[in-house]
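Sharing a structure below in structure tokens format, with a few things to ask.
Every read-out reported here was derived from the displayed coordinates using simple, explicitly stated rules and does not represent laboratory data. Nothing here was measured: the structure is a model prediction, and the numbers come from that model. Cβ sites come from the backbone with ideal geometry, for glycine too, and all protein chains shown count toward neighbours.
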Amino acid sequence: MATSTLATLTAEARTFYVATLIKRLIPYLPLIKDGQKVTIPKHMGLIANFRKYASLSLATTPLVEGTTPAGNSQTVTAITATAAQYGDFLTVADVLETVGIDDSVVQAIEQLGEQAGQTVHRLVQTELGSGSTARYGGAAVSRITVAAGMNMSVALIRLAVRDLENANVPKFSDGFYHGAVTPGQKYDLVGDAAFQDLYRYTNTRPLQANEIGEVYGARLWETTDLPIYPTGGAASIPVHAAVIYGPNAYGCIDIESMGVGSINDETNKGVEVFVTGLNVPSKSDPLHQRAYVGWKVLFVCKVLDALRIIRIETAVTA
């Protein structure tokens, strides 16, 4: 006797769609908040000009009675940064928006907002990774000499803090330098016995989101958005780059009316997303069949003082 089943009557099979969407996996973005933020007003061009006056040499030679000294002179260094435009958009058809299970325009706004924040953070990360002041794990003296086992440690953080202090770099208002490490570097750091001792005896302050803790004058955060050189080390092993820095180490410049805003570390939002709805008339869309969602910014990140940033390049545990 034949029995009707779902396998034989496939037209009767249905799919149940869960109304709650799976959340997207987005990185934590700690670097943008610490940049020196500058907004160029309208009609003032794309170029920002930073200037730094050098400290005067000390007057340790005694004056000669009745003789006017030679005097000193000022030295100023100019650093320029030219903003460039970045952006993207999505197109949503009217039929999809009308009959689709999910609100496609709302999802497009979320996706593009995240993309915008991550794009700006990547520009900051790339600029900080290009600095010339670096330390390397273990006995390495360059990226290509970083070998397996030359991992992140408390000793490396202490050396970076010492470098900044020797350069007279001030600390942030919380009394610390700030920094970020990759998850691979965090894994090795928290396995360091010296780090574990810090947690037992000194790190008692509640931590912020994705904050690892305080290491001898530096507050550290974890992020996946830091430079990783997949085959950069000895025997082509991957090399991860952390950054430790003081205030005014780098500038984040945007343009009025296309500003970056305050990008949230956790949601990546903060760049304005524009929506052109289905009901907006257009010569290219006379039947109102498409909605457009997009974002754009004029932005540049610039290292202002290489001595204020230490990059720490290490291997990580496989």
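Using a 10 Å cut-off around each Cβ, can you sort Val141, Val146 from fewest to most neighbouring Cβ atoms?
Val141, Val146
Only sites in a loop by DSSP and with at most 16 other Cβ atoms within 10 Å count here; which GluC sites (Glu not before Pro) in segment 134-222 make the cut?
none
Taking loop as defined by DSSP and a crowding limit of 15 other beta carbons within 10 Å, which chymotrypsin sites (Phe, Trp or Tyr not before Pro) in segment 218-318 fit?
none
Moving on to the next point. With each pseudo-label sitting 7 Å past Cα toward Cβ, what's the Ser57-Val280 distance in nm, one decimal?
In this crude label model, Ser57 to Val280 measures out at 6.1 nm.
Report the residue, chosen from Ala147, Ala194, Ala59, that carries the largest GNM mean-square fluctuation when the chain is represented by alpha-carbon nodes joined by springs under 10 Å.
Ranking Ala147, Ala194, Ala59 by mean-square fluctuation puts Ala59 first.
Remind me, relative contact order of the chain in percent, using alpha carbon pairs under 8 angstrom and six or more residues apart?
31
Identify all lysines with a Cα-Cα distance to Lys302 below 27 Å; exclude those on the same chain that are fewer than 8 residues away in sequence.
Lys33, Lys37, Lys42, Lys52, Lys171, Lys186, Lys269
Let me know the longest stretch in the chain that avoids all trypsin sites (Lys or Arg not before Pro) found in a DSSP loop with at most 14 other C-beta atoms within 10 Å.
Formally, the longest exposed-site-free interval is 43-282.
Give the Debye-formula value of log10 I(q)/I(0) at each listed q (0.12, 0.20, 0.29 Å⁻¹), with one equal scatterer per alpha carbon of segment 129-187, two decimals each.
Rounded to two decimals, the profile gives -0.34, -0.91, -1.40.
Moving on to the next point. Which residue fluctuates most in the GNM of the chain (Cα springs below 10 Å): Thr223, Thr80, Thr145?
Taking springs between Cα atoms under 10 Å, the residue moving most is Thr80.
Separate question: Based on the Cβ-Cβ distance of Leu96 and Ile47, what FRET efficiency does E = 1/(1 + (r/R0)^6) give at R0 = 25 Å, to the nearest 0.05?
Efficiency, rounded to the nearest 0.05: 0.05.
Continuing with this model, one more query. Could you line up Met44, Met258 from fewest to most neighbouring Cβ atoms inside 10 Å?
Ascending number of Cβ neighbours within 10 Å: Met44, Met258.
Now a separate question. Would you please give the residues with an amide H less than 5 Å from that of Val260, counting only those at least 5 places away or on a separate chain, with H modeled from the backbone geometry?
Ile255
Give the label of the value calculated from the structure for percent of Cα pairs over 33 Å apart, choosing from (1) 35; (2) 45; (3) 30.
(2)
Compute the relative contact order of segment 256-305 as a whole-number percentage, counting only Cα pairs closer than 8 Å that sit 6 or more residues apart in sequence.
Relative CO of segment 256-305 lands at 37 percent.
Could you let me know the centre-to-centre spacing of segment 27-80 and segment 97-137, using Cα atoms, in angstrom?
32
Here's another thing I want to ask about it. Using a Gaussian network model of the chain with C-alpha springs under 10 Å, which one of Ile22, Ile255, Ile40 is most mobile by mean-square fluctuation?
Greatest mean-square fluctuation among the candidates belongs to Ile22.
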